[in-house]
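What follows is a set of notes on a single structure, which appears directly below.
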Amino acid sequence: MRIFLANWRASLTRERIWLIPVILCTLSAFLAPVGDISLLGGVTLGVVLFIGVCLGIALSRGQFAIASRPFSFCLPGYRESLAEVHFSASLLFSGSFVLIEIMRAHGQWSLLYPDYSWCFLICKTVSMILMGMMTFLVMEALRLALFRLPDIVSGFWSVVVFYIGLGVFRSVQVHRVAAVVGLVSVLVFFRLCLARMSWVKCAHRQLLAGTTGRRVRLEAKGSVLPHVERLFLAQMRTSGPLASARYFWCSLYRTLGPALLCWKWMLLGVVAFVLVCSYSGQEARGVTFIAIGVMAWFVPFPIRSNLLLPAGRRERYVEAVLIAVVISLAFVALTSAIMGLSLLAVALRPGSFPFSATDVRWSGVLLPCLVLPWSFVLQLQGCKWQVLLVIMIAGGYVLDVAYRLIGIGAWSAQAHMILFSTAFICGWALFLLSLRHVCLRGSLIASQVPSGA
Amino acid sequence: MSDETIMVKIRGLSKRFGRIQALDGVDLDIERGRIIGLLGANGAGKSTLLRHIIGLYLPDSGSCTTLGCDASRLGPAELARIGYVHQEGELIDWMTAAQLIRYVSVYYPNWNKELEQRLVGEYEISLKARVGSLSPGQRQRLAILIAICFEPELLILDEPAAALDPLARAQFLDLLLQLIQDQKRTIVISSHILSDVEKVIDHALIMKAGKIVADASFDELREKYSRVRLTSLAGPLPEPLDFANVLECRRNQSEATLIVRDLSPELIEAAAARIHCQAAVQPLPLEDIYRLVVA
């Protein structure tokens, strides 16, 4: 078997590789209704930037995995092989740009282009492919060459801003320029960069450093605030040794602990989220939908654990139900706070900033109650967070399309209430059944659970 | 044997993971006060069996009763009497070692603070360090500490010493020997380091492909298998040697080393006398016994 095929074959066994095209296709579909980027105001720019960063990180992680595979080092002609793998991966990435163009065409509700548009599309497709390859390779170079996370993030941002800039100011001439620059960058990348062994070594070194870095970061962090710990321990001790209340407090402490540990970052995240939501207007619903679903995945249910504590299957079930309720209420409080802060941001904005307050509706406030059970179910079934992200994005897109197609927005308040109640009951019923099955009949050995569970 | 003396009772226990038959009709009784060594190759089903005992896995067929209760229905009262150390050393990573100890101790009314402090000192556990940042050996020591400080009646150790350095392993064995002093305590220890295990166990269970192939007291096993060193007293040794139940034989003209099964020292002496040899009988180490049983 050729080394090229062996590389791909080995890489395809890693889910992060096959997840990339899935994420790309889903994001392309998600982007389609946005339409022409040049028509974007400040409204959806936040969403597009967010998606751009996700794309960059997801893509370079996959390719990084290929480049840093040590078995490649021992094979003859591995440098050329790696270059070929990167080249084919960049083609795959470029395909998503073409897909975006096609989806945009359908987004305008025109199944058939006028003849001249087809010609334009073909011209644009070629330049899109080259532009996509350039974007990919620049990101890959940044990933391989830069070590520190801030550098990588700033690198991604520069690429994203560059891409957005091209989109905003694009014209046929810009595409030609982009095509030429793309072609040159591809050639330069292959001739000068990938052919040098130091790039591969650098990737491998980063891979190893990442593991050590995690440990160093863990050591550097502080512990849960002492008075918070004291509060939980006191609550645990006040209940009887075998009382249900003790198990509830223990589980709550164990579940909320990781969040309490990084409360400053969480606060910062909320502020950032408020800004994005305020800047994104109506699109904020989609971002909130996805963010809630993904964040819920990181809530570690105290069900599957190899650390044996005196809590039987029934106790674990009851604990998990209570924790799910508490987490849902916490998320409702969080979305309410975000909406409140969003209103505040609009009130305090400078005149030139195009902020728009997030809609304060009961459906928005209670959105977590609809999204969380589905996310919990996926977590219970051992779904990985990357897969969950794809499902949430795809789910958000399907719901959005359904919302527009069926015209749910125009339905009466009663109909909305019935729809909401049905979705709420179905979601929670499925969650409870799934939880019951895992707790009372499933394996309680931790294999794919988040850290801290 | 009365039910009160039996801590764990397993009947016809089977478990399958996809195509792999992890456990195949296991029958087992674990008596109170026993120190049992669970031996077997990787994938033999040791960890699966131990996880059934504490109810983390449920059987496909058969039953498992632990402390008089069906393992799938073990409640807080029963689980508070069981300590478990597992090979992965999974703990709660975001806590510091001190926080983890405090957290776990809340669950147990009979937490032995004195033992905790002694072990923290002996094992040199860094209380301020985050659990996630500890080395595998330190994590394992911490896992051992929180599994024994509430003085469980049934202590299940699944590869407890795998991540420990030789010094820590010796300390751990000392600790086990101290725990054994309590006659009521039952310990099941699964390990690949047989030279360590044989110092503490009084009963051996050997597993192969999901089945128990040997279930006997360690003394019985040592009596069953023995090494015989024969030295000729007159001329070369005869060809063949007139010995029954020989499993292995290495010989030269005047000396031979045999590994025999089910032969008492008296029978060996008599057989050696018949061929004009002097016989020296030695017990086999657990490692050799294990090799013979599994083979």
(Q) Residue by residue through B:125-137, how many Cβ atoms from other chains fall within 10 Å of the Cβ on average? (A) 3
(Q) Using only the alpha-carbon atoms, how far is helix B:265-274 inclined from the longest principal axis of chain B? Give it as 0 to 90 degrees, nearest 10. (A) 20 degrees
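Got a sec? How would B:ILE275, B:ILE30 order by Cβ neighbour count within 10 Å, fewest to most?
Neighbour counts put them in this order, fewest first: B:ILE275, B:ILE30.
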Q. Using the count of nearby Cβ atoms within 10 Å as a rough guide to exposure, how do A:GLU319, B:GLU124, B:GLU116 rank from fewest to most?
A. B:GLU124, B:GLU116, A:GLU319
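Fewest first, what order do A:LEU231, A:LEU348 take by the number of other Cβ atoms within 10 Å?
By the 10 Å Cβ count, ascending, the order reads A:LEU348, A:LEU231.
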Q) Mind checking the mean number of beta-carbon atoms from other chains within 10 Å of the Cβ atoms in B:287-294? A) 0
Q | Cut-off under 5 Å, modelled amide H: who pairs with B:LEU155 long-range | A | B:GLY83, B:THR186, B:ILE187, B:VAL188
Q | Under-14-angstrom lysine pairs by C-alpha in chain B, whenever the two are 8 or more apart or on separate chains | A | 4
(Q) Inside 10 Å of the C-beta atoms of A:299-312, what's the mean count of C-beta atoms belonging to other chains? (A) 6
Q. Amide H of B:ASP93: which non-local residues (sequence gap of 5 or more, or other chain) have their own amide H closer than 5 Å, using H built in the peptide plane?
A. A:GLY452
Q: For the range B:105-112, take each phi angle, set θ = phi - 60°, evaluate the Karplus expression 6.51 cos²θ - 1.76 cosθ + 1.60, and give the result in whole Hz per residue in order, putting x for glycine and proline.
A: 5, 4, 5, 10, x, 9, 4, 8
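Here, each number is a calculation from the coordinates, and none is a lab measurement. Just so you know, these numbers come straight off a predicted model, no measurement behind them. Here the Cβ is made from the backbone with ideal geometry for all residues, glycine too, and neighbour counts use every protein chain on show.
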